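Some notes on the structure that comes next.
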Number of protein chains: 2
Amino acid sequence: MQIVNEHRRKDIHNSDIPTVCAACEARHGGVCGTLTPDQLLDLSRHSTRRSIEPGREVIGQGETTDSYANIINGVVKLSKVLADGRQQIVGLQFAPDFMGRPFTRESALTAEAAVDTDICCFPRTVIDRLVSEAPGLEHRLHEQALKELDEARDWMLTLGRKTAQEKVASFLYIIATHIDPEKGTANEFDLPLSRADIADYLGLTIETVSRQITKLRKDNVIRIENSRHVTVPSLDRLMHVAGID
Amino acid sequence: MQIVNEHRRKDIHNSDIPTVCAACEARHGGVCGTLTPDQLLDLSRHSTRRSIEPGREVIGQGETTDSYANIINGVVKLSKVLADGRQQIVGLQFAPDFMGRPFTRESALTAEAAVDTDICCFPRTVIDRLVSEAPGLEHRLHEQALKELDEARDWMLTLGRKTAQEKVASFLYIIATHIDPEKGTANEFDLPLSRADIADYLGLTIETVSRQITKLRKDNVIRIENSRHVTVPSLDRLMHVAGID
DNA sequence: ACCCGCCTTTGATTTTGATCAAGTCGCCGA
DNA sequence: TCGGCGACTTGATCAAAATCAAAGGCGGGT
């Protein structure tokens, strides 16, 4: 099964016509924005909010997916594995991304929470029905797909052509720009990924990631506490090291 | 400018109501299938068929795009470059793919013909208008985006976690399965890419690509003539070398 | 046919990052 | 407070691919 830990379900009958998805409550830029109040109510009625602890699998590679979800907060890793166990993280999703694969029941990848993550789940039947009723919803999902495609292609450049040093700096830059979406770029943040996860994201080994982080620290590009909390004195400098022009 | 070589324009007034795009003529699985005969006529009237010679740029990174296109035959490379010139091919498009980036005027990548390629161009104004009139068209574009996303993520696994040998075998497998879409997988074909292009696609150097191709030949996984014409005795064997389970 | 230029191959050497192998740090529970 | 365990770091060595360098081959033009 894909959803791990049912947390609570908001009683939607307290609000008459919600202006946001009742289950999601706040910030959920996912799909709700394009719906009419009636459709939103419909969706809320079928939504479930869930909390997922780090390392817990949301959807396994090859399993059938019966739901979509908005990420309310937290970070989700999307990864693929080779038969012999080599693993590659092919994307990270942050709040308020929409997760799920329209128009196919089979998932080509594994989704796993990287940190404590809350998601708001919708059964696929409801989304599929709403898509056919509200053309704006398909447009919204289409834009999400295009955004993920752009990110994937940017990352291909990183994987194929950057040095270990540039890869690690690129990763830190991604986190700085995504971890706190309302603030935009942040120069202080906690890494949502372990060294092993970072290695899987960058196509490197744990040891190489560790060494490169040490090097960035020694070069005063970053400061680091508890191996997770990062401070970036100059984001321009970080970008430069990352090879981003 | 993005389109290079105007070839000819079909006189669409000869046919009354076309059942396929008149400019595209045959095989053009791109977008036409979802349109009504009237819309198809509309589209055909504004379409232009063009031929592009190898190495010719269709759309440059950072330029504004004023058109979409169906690939009628040939292969188009999509690539990104770093400031210092390092290049990564982030996707290949084959007939009958639809090319172009909905909802944004700025291209994040460079599109360039790999071999002699014919495309059928539509002005973005026409496509954007048809999208708002025909919901099926957006669905078609959405599916194209999802297909490209899947391919990009598969390739990220190749770039991040496979050896040079596996990368080259994976590339040959991609070509075998895409070069001739109506036949499905082919075990004899011409490579549409030079060694330099293959290297840019695989995140390797020319020399490494050449050595790995030589090794595949010596191991009897492939036969090769003129450095471009490839025969694959056993596609299963090739898949196995490519690390595809 | 011959030459020239480009693409490809092959060889020698170097470099980067992987692998193997110990530590160290920090956190949680006894 | 003390272990113990998991995550991270650091060091030594190795291997894969990059780089540097020099030939081949193939095709197009004269």
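Worth a mention:
- Cα pair distances of region A:162-242 binned at 10 Å [whole percent]: 20, 59, 21, 0
- What the Cβ-Cβ distance of A:Asp180 and B:Asn187 gives, at R0 = 30 Å and to the nearest 0.05, is a FRET efficiency of 0.05.
- Loop-located chymotrypsin sites (Phe, Trp or Tyr not before Pro) across region B:86-183 with a Cβ neighbour count of 14 or fewer within 10 Å are B:Phe103, with loop assigned by DSSP.
- Accessible surface buried by the A/B pair amounts to about 4000 Å², both sides summed, 1.4 Å probe.
- Inter-copy label distances at B:Asn226, shortest first and taken from points set 7 Å along Cα to Cβ: 6.5 nm.
- Cα-based reach from B:Lys147 at 27 Å (exclusive), listing lysines while leaving out same-chain residues under 8 positions away: A:Lys77, A:Lys80, A:Lys147, A:Lys162, A:Lys167, B:Lys77, B:Lys80, B:Lys162, B:Lys167, B:Lys183
- Distances, shortest first, from the label point of A:Asp245 to those at the same position in the other copies read 4.0 nm; the point lies 7 Å along Cα to C-beta.
- Within 10 Å of each Cβ in B:82-88, the average number of Cβ atoms from other chains: 5
- Pairs of Cα atoms in region B:64-145 fall into 5 Å distance bins, from 0 up to the last occupied one, in shares of 3, 14, 22, 26, 18, 11, 5, 2, 0 percent.
- For B:Thr36, the point set 7 Å out from Cα toward Cβ sits 2.2 nm from its twins in the other copies, listed from shortest up.
The values are calculated or read from the model by the stated rules, or taken from the named source; none is laboratory data. Just so you know, these numbers come straight off a predicted model, no measurement behind them. Cβ atoms come from the backbone with ideal geometry, glycine included; neighbour counts cover every protein chain shown. Side chains are part of the model used for accessible areas, which takes the heavy atoms of the whole protein and leaves out ligands, DNA and RNA. Shrake-Rupley method; radii C 1.70, N 1.55, O 1.52, S 1.80 Å.
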